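Written below as structure tokens is the structure these notes are about.
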Amino acid sequence: APAFPYQHLTSAHYVMDLIYNPAQTRFLQLASKQGAHTENGMPMLIGQAEGAWAIWSGTSS
């Protein structure tokens with residue numbers, strides 16, 4: 001996990017890791033332990049794939 005002041009995270013924070021495999025990286029685990037909302041990179045991967053498909057196929061996503 002990156003060197004980060006995890007102790008300052010609270011439930012008011014949102015943390016995203018662009019890695020999607022594993023779904024819960026050590027970074028996300030440590031942030032979640034402090035109460036932060038966490039998200040892995042899967043939503044970004046899906047969004048990029050939808051955008052690429054729309055461009056490639058000429059349809060809207």
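Amide H contacts under 5 Å for Y20: G41, restricted to partners 5 or more places along the chain or on a different chain, H placed in the peptide plane at 1.01 Å from N.
Taking amide H as placed 1.01 Å from N in the peptide plane, T38 has its amide H under 5 Å from the amide H of V15, each at least 5 places away in sequence or on another chain. Please give the FRET efficiency for A23 paired with A3, using the beta carbon to beta carbon distance and R0 = 22 Å, rounded to the nearest 0.05. Efficiency at R0 = 22 Å is approximately 0.45. Each helix, a run of at least 4 DSSP H residues, gives -39500 (n - 2.57); summed and divided by the residues of the chain, these come to -12000 deg cm²/dmol at 222 nm. With the convex hull constructed from alpha-carbon coordinates only, region 1-53 shows a mean projected area of 3.9 nm² over all directions. Helix 42-57 and the long axis of the chain differ in direction by around 10°, with both axes built from C-alpha atoms.
Quick note: the coordinates plus some simple rules give every number you see, no bench work behind them. This one's a predicted model, so the numbers in the text were calculated from it and none came from an experiment. A quick note on method: Cβ atoms are made from the backbone with ideal geometry, for glycine too, and the neighbour counts reach across all protein chains shown.
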